[in-house]
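Structure, as structure tokens:
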Amino acid sequence: MSNKISCDTHDYFEIVCMRRSLIKVKTKDNKIYHGRAADLKLVQKQEYLQIDDGIHIQKILISEVTTLEALGNSISQHNFTITCQ
């Protein structure tokens, strides 16, 4: 199992964080997270997406993400769905 993601996919994670987009993330273990993209953090050579759900900051290992959706954002072009490889 690889801990790497493509550069194109990584760009989408950076975009949602830069825009502070509302997102929905599904992981390989079928967990679903909703909230506002907050930041990407590198911890011991592994990169995590931080999602603010309004109560907590959730930290998700980006190599475990299977689907990233930007949804409910006021600018329709900022809404998209990607499948992560």
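The values are calculated or read from the model by the stated rules, or taken from the named source; none is laboratory data. The model shown is predicted, which means the values in this text are computed figures rather than measured ones. Note that we place each Cβ from the backbone using ideal geometry, even for glycine, and neighbour counts take in every protein chain shown. In case anyone asks, the SASA skips ligands and DNA or RNA and just uses the protein heavy atoms, side chains included. Shrake-Rupley method; radii C 1.70, N 1.55, O 1.52, S 1.80 Å.
Restricted to the range 68-85, and to residues there that are assigned to a loop (DSSP other than H, G, I, E, B) and either over 22 Å from residue 29 (Cβ atoms) or of a type outside the set (A, V, I, L, M) (or both), the residue that is modelled with the lowest pLDDT is 85. Residues in the range 64-84 that are more than 10 Å from the chain's Cα centre (by Cα) and polar (S, T, N, Q): 73, 74, 76, 77, 79, 81, 83. Those residues that are more than 21 Å from residue 74 (Cβ to Cβ) and among the β-branched types (Val, Ile, Thr), I need them from the range 1-52; list them, please. Answer for the range 1-52, where residues must be more than 21 Å from residue 74 (Cβ to Cβ) and among the β-branched types (Val, Ile, Thr): 5, 9, 27, 32, 43.
Remark: pairs (first residue in the range 18-34, touching a residue at least 24 places away in the same chain (Cβ under 8 Å); second residue part of a strand (DSSP E or B) and loosely packed, with under 12 Cβ neighbours inside 10 Å; Cβ separation under 6 Å; 6+ apart in sequence or on different chains) = 26/32. Take the residues in the range 1-51 that are of a type in the set (Lys, Arg) and in a loop (DSSP other than H, G, I, E, B), then tell me which one is nearest to residue 67 (Cα to Cα). Within the range 1-51, the match that is nearest to residue 67 (Cα to Cα) is 28.
Taken as a whole, the structure leaves residue 70 outside the set of residues that are without any contact (Cβ under 8 Å) to a residue 60 or more places away in the chain, farther than 18 Å from residue 5 by Cβ and buried (at least 17 other Cβ atoms within 10 Å of the Cβ). Can you pull out every residue in the range 1-17 that is without any contact (Cβ under 8 Å) to a residue 60 or more places away in the chain, open to solvent by 90 Å² or more (accessible area, probe 1.4 Å) and not acidic (Asp, Glu)? Of everything in the range 1-17, those that are without any contact (Cβ under 8 Å) to a residue 60 or more places away in the chain, open to solvent by 90 Å² or more (accessible area, probe 1.4 Å) and not acidic (Asp, Glu) turn out to be 1, 4, 7. Out of the residues in the range 28-53 that are open to solvent by 30 Å² or more (accessible area, probe 1.4 Å) and touching a Gly at 6+ places or on another chain (Cβ under 7 Å), state the one that is nearest to residue 11 (Cα to Cα). Looking at the filtered set, the residue picked out is 52. Which one is least open to solvent (accessible area, probe 1.4 Å) among residues in the range 54-67 that are part of a helix (DSSP H, G or I) and not small (Gly, Ala, Ser)? Step by step, filter the range 54-67, then rank; the result is 62.
Here is the figure for the range 29-46: residues that are in contact with a Ser or Thr (Cβ under 8 Å, 6 or more places away or on another chain) and modelled with pLDDT under 95 total 1.
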